[in-house]
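Report on the structure given below.
The values are calculated or read from the model by the stated rules, or taken from the named source; none is laboratory data. Treat the numbers as computed from the prediction; the structure is a model and nothing was measured. Backbone-built Cβ (ideal geometry, glycine too); neighbour counts: all protein chains shown. The area values use the complete protein model at the heavy-atom level, side chains included, leaving out ligands, DNA and RNA. Shrake-Rupley method; radii C 1.70, N 1.55, O 1.52, S 1.80 Å.
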Amino acid sequence: LPQGEDTSKPAHGSLTTHVLNTATGLPANGIAITVAQLQEPGTQWRELAQSWTDEDGRCSPLLAPEQLKAGTYKLHFETAAYWQCLGHTSFYPFVEVVFTITNPAQKFHVPLLISPFSYTTYRGS
C-alpha cells in the first residue's frame with residue numbers, strides 16, 4: 001500500500017448501465033432509468049435514484065458508492081417513450097432487470113440491448 005493510505009474505509013464498487021438499440025446499432029439516448037432496492041424480508045421496493053441515458057446510451061454511476069449495499073436491486077428502463085419518440089411501437093412498455101449484489105465493493109455494469117420486440121441483458125465489466 002502507498003504510504004499514508006487510509007485502509008480503514010471499506011472499498012466501494014459502482015453500478016452502471018449502457019443501453020444499445022440493436023435495431024439501429026446505435027446507443028439509446030434519453031431513456032429514464034429508476035434504481036430500486038428490495039426491502040427484505042418482504043416484497044416492497046424502495047426507489048433509490050433516477051437517471052437518463054446520454055447520447056452514448058450511458059449515464060453516470062446510478063448510485064453513490066456508499067449507497068451500494070448487499071441486496072436485491074431492480075433497474076427499471078422506460079422503453080415505450082423511447083420507441084414512441086422514434087415513431088415505433090414496442091411490445092415491452094418497460095424493461096425491469098432484477099439482480100443480486102453480494103459484494104458491494106465490486107463493479108456492477110448491467111447493459112441492456114433493446115429492439116421493439118426483444119431485449120437482452122447481461123452482467124458486463
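At a glance:
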{"item": "Cβ-based charge dipole, region 14-121, positive-most Cα from CYS85, THR120, THR22", "result": "THR120"}
{"item": "Inter-part distance where region 95-125 and region 23-60 are each reduced to a Cα centre, Å", "result": "10 Å"}
{"item": "Within the chain: Cβ-based charge dipole about Cα centre, in debye rounded to nearest 20 (Lys, Arg +1; Asp, Glu -1)", "result": "240 debye"}
{"item": "Label-point gap, in nm, between GLN44 and ALA64 - each point 7 angstrom along Cα→Cβ", "result": "2.3 nm"}
{"item": "Top of PHE91, PHE108, PHE99 by mean-square fluctuation, Gaussian network on the chain, Cα under 10 Å", "result": "PHE91"}
{"item": "Sequence-separation-based contact order of the chain, relative, with Cα cut under 8 Å and 6+ spacing, percent", "result": "30 percent"}
{"item": "Accessible area of the chain belonging to carbon and sulfur atoms, whole % at 1.4 Å probe", "result": "54 percent"}
{"item": "Globularity ratio of region 53-98, using Cα Rg and 2.2 N^0.38 Å", "result": "1.44"}
{"item": "Listed residues THR53, PHE108, VAL35: farthest to the positive end of the dipole of region 14-121 (Cβ charges)", "result": "PHE108"}
{"item": "Largest-first principal axis extents, alpha carbons of region 14-121, Å", "result": "40, 26, 19"}
